[in-house]
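Asks: Provided herewith is a single structure, encoded as structure tokens, for subsequent inquiry.
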Amino acid sequence: MRRLARVRAPFGMALLAIALVASACAHSDVGITTKVKAKMAVDDVVRGYTIEVATERGVVTLTGNIDSEEAKARALSLAKSTSGVVEVKDMIAVKRPGGDGDAPDPGRTVGVTIDDADTTIRVKSRLLEDPLVKGLRIDVDTRDGVVYLTGTVRSEDEKKQAIKLARETQGVKDVQANLTVQNG
């Protein structure tokens, strides 16, 4: 019976250690990011959108392109209400060239939609071909000639180059850059 007690004591200590680590991680940057992403994944308003979540010292930065103010407000609210969050930085762009919601915009013709797809392909190709820009880390979306760049870059120079390449691409009327500089 004594031997059994000795075996359980280390096991109990291991469980206690795991519980303490899990508790500490819940307020770590990774833990906060995970909690915010989990909230968004199950939320009826936000779950259909791709919103990047980055946390540094409790400050959450939300980046992405969405179609409604309601979804943007909900995403910000979910992040702000998450335990451990000190501040929320809003880098979400709402894509609304003329429509009022998530339904297809009746003012967008098939030709405009095809032009936007072509512009997206041209911009993405330029980003992938450029030696300074990591094009795989940047999402490109075009709506009525406005290019939305979303993602992370390694430096301000890379960010400026990505914006420059997009602006110089045929068919681009404007560029909305939601690019986060992430060192490392």
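Rule-based calculations on the coordinates, nothing more; no lab input. Every value quoted in this text rests on a predicted model; they were computed, and no experiment measured them. With ideal geometry, Cβ positions are generated from the backbone for all residues, glycine too; neighbour counts draw on all protein chains shown.
Asks: Using Cβ contacts closer than 10 Å as the measure, can you line up 95, 39 from fewest to most?
Replies: Ranked by crowding around the Cβ, least crowded first: 95, 39.
Asks: Only counting other Cβ atoms within 10 Å, I'd like 77, 83 sorted with the fewest neighbours first.
Replies: 83, 77
Asks: While we're on this one: Which ³J(HN,Hα) values, rounded to whole Hz and listed in residue order, are derived for the range 131-146 from phi using the Karplus coefficients 6.51, -1.76 and 1.60 in 6.51 cos²θ - 1.76 cosθ + 1.60 with θ = phi - 60°, glycine and proline given as x?
Replies: Couplings: x, 7, 9, 8, x, 6, 9, 10, 8, 10, 9, 10, 9, 6, x, 8 Hz.
Asks: Then there's this: By how many nm would the segment from residue 89 to residue 59 grow when fully extended, if each residue of separation counts as 0.36 nm and the alpha-carbon distance is taken off?
Replies: Fully extending the segment from residue 89 to residue 59 adds 10.1 nm.
Asks: Right, here's the next one. Just to be sure I understand the model, the point goes 7 Å from the Cα along the line to the Cβ. What's the resulting residue 170 to residue 44 distance in nm?
Replies: 4.7 nm
Asks: Please compare each pair in 124/159; 80/159; 95/160; 35/134; 95/164 to a cut-off of 25 Å on the Cα-Cα distance and tell me which ones are over it.
Replies: As for pairs spanning more than 25 Å Cα to Cα, those are 80/159; 35/134.
Asks: Another question, if that's okay. GluC sites (Glu not before Pro) within the range 134-184: which are DSSP loop residues with at most 15 other Cβ atoms inside 10 Å?
Replies: Passing sites in the range 134-184 are 168.
Asks: I want to check the label-to-label distance for residue 73 and residue 132. Put each point 7 Å from Cα in the C-beta direction and report it in nm to one decimal.
Replies: Rounded to a tenth, the inter-label distance reads 4.0 nm.
Asks: For residue 142, which sequence-distant residues (separation of 5 or more, or a different chain) have an amide H within less than 5 Å of its own amide H, given hydrogens modelled in the peptide plane?
Replies: 148
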